[in-house]
């Protein structure tokens with residue numbers, strides 16, 4: 001796979017849809033690169049997917065950096081984005097710059113921040129010092145307590161206008177890409193036409209410049225997780241459980257290790 005760069009990604013806007021997946025380790029990163037996935041995101045969703053927590057709020061910068069290093073080692077070609085976790089940029093622009101530098105030194109090629117108008121000054125400063133930024137509006141999981149849960153946003157006029165203003169502010173501040181999560185398809189389409197940055201949708205309809213899914217979700221690793229926006233391309237929940245059960249049974253009955261498996 002040819003190395004993906006930010007200019008090449010931005011050149012895809014309106015022409016060639018961008019495929020992005022979240023990824024947390026070298027093994028899956030290698031497979032994603034082999035499949036031609038051009039953009040990987042080390043998301044703070046690792047708090048829920050990897051650590052088993054109920055939200056993304058407990059993730060630290062050091063944890064994101066650890067996973068960035070692993071993903072970078074597994075997949076050097078895709079463009080690599082790292083989430084700025086909760087608490088790493090809310091206090092000040094200076095705090096955000098310091099933590100973004102940490103993630104870039106770990107191997108990220110851009111950082112992602114949640115929010116619209118409020119984080120535009122940080123986006124502008126990071127861009128000015130050479131750190132590409134991915135914006136994120138709509139359902140922003142770090143604000144789950146403010147929203148009262150994980151729900152579609154932009155369905156009221158107030159939310160619609162707030163999200164639209166936020167996306168435009170991010171674009172003017174220099175955001176390289178903008179993630180649109182759980183917003184009406186009509187709003188996502190409007191934002192996509194009004195901003196110069198490519199938009200990446202998740203639960204935002206078909207008219208964005210690309211799509212992103214959590215790798216474990218699209219592989220069907222949790223049979224109980226079935227949001228409307230998700231398409232499962234495998235059923236690993238069933239397949240992996242069945243494989244482990246066969247292994248357990250063969251160990252118990254002495255069928256494993258067989259003669260060919262012995263050292």
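The values are calculated or read from the model by the stated rules, or taken from the named source; none is laboratory data. These numbers come from a predicted model, not from an experiment. FYI the Cβ positions are ideal-geometry reconstructions off the backbone, even for glycines, and counts take in every protein chain you see.
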Within the stretch 194-211, restricting to residues that are assigned to a loop (DSSP other than H, G, I, E, B) and within 18 Å of the chain's Cα centre (by Cα), the one that is nearest to residue 118 (Cα to Cα) is 197
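Only one residue in 37, 50 is surrounded by fewer than 17 Cβ atoms within 10 Å (Cβ to Cβ), farther than 30 Å from residue 162 by Cα, in the same structural domain as residue 140 (by TED's automatic domain parsing) and under 15 Å from the mean Cα position of the chain (by Cα), so which one is that? Step through it out loud before you land on a result.
On the way: 37 fails: surrounded by fewer than 17 Cβ atoms within 10 Å (Cβ to Cβ).
Among 37, 50, only 50 is surrounded by fewer than 17 Cβ atoms within 10 Å (Cβ to Cβ), farther than 30 Å from residue 162 by Cα, in the same structural domain as residue 140 (by TED's automatic domain parsing) and under 15 Å from the mean Cα position of the chain (by Cα).
Against the condition buried (at least 22 other Cβ atoms within 10 Å of the Cβ), part of a loop (DSSP other than H, G, I, E, B), in the same structural domain as residue 40 (by TED's automatic domain parsing) and out of contact with any strand residue (DSSP E or B) (no Cβ under 7 Å at 6 or more places or on another chain), how does residue 55 come out, does it pass? Show your work before the answer.
Values: buried (at least 22 other Cβ atoms within 10 Å of the Cβ): no; part of a loop (DSSP other than H, G, I, E, B): yes; in the same structural domain as residue 40 (by TED's automatic domain parsing): yes; out of contact with any strand residue (DSSP E or B) (no Cβ under 7 Å at 6 or more places or on another chain): yes.
When the stated conditions are applied, residue 55 does not pass them.
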Against the condition part of a loop (DSSP other than H, G, I, E, B), modelled with pLDDT of 95 or more and under 12 Å from the mean Cα position of the chain (by Cα), how does residue 44 come out, does it pass?
yes
Pairs with Cβ under 6 Å, 6+ apart, first in the stretch 114-142 and at positive phi, second buried (at least 17 other Cβ atoms within 10 Å of the Cβ) and part of a loop (DSSP other than H, G, I, E, B)
138/153; 138/182; 138/183
Residue pairs qualifying under the 6 Å Cβ cut-off, at least six apart or on distinct chains, with the first in the stretch 216-244 being closer than 19 Å to residue 29 by Cα and the second being outside any loop (DSSP other than H, G, I, E, B), are 216/49; 219/236; 220/236; 220/237; 221/236; 221/237; 233/218
Note: among 81, 37, just one is assigned to a loop (DSSP other than H, G, I, E, B) and either in contact with a strand residue (DSSP E or B) (Cβ under 8 Å, 6 or more places away or on another chain) or modelled with pLDDT of 95 or more (or both), namely 37
In this structure, does residue 177 turn out to be surrounded by 15 or more Cβ atoms within 10 Å (Cβ to Cβ), touching a helix residue (DSSP H, G or I) at 6+ places or on another chain (Cβ under 9 Å) and closer than 18 Å to residue 79 by Cβ?
yes
Considering only the stretch 1-17, I want to know if a residue exists there that is closer than 22 Å to residue 219 by Cβ, under 17 Å from the mean Cα position of the chain (by Cα) and not in a loop (DSSP other than H, G, I, E, B).
no
Taking the condition at pLDDT 95 or above, in contact with a strand residue (DSSP E or B) (Cβ under 6 Å, 6 or more places away or on another chain) and buried (at least 17 other Cβ atoms within 10 Å of the Cβ), does residue 169 pass?
no
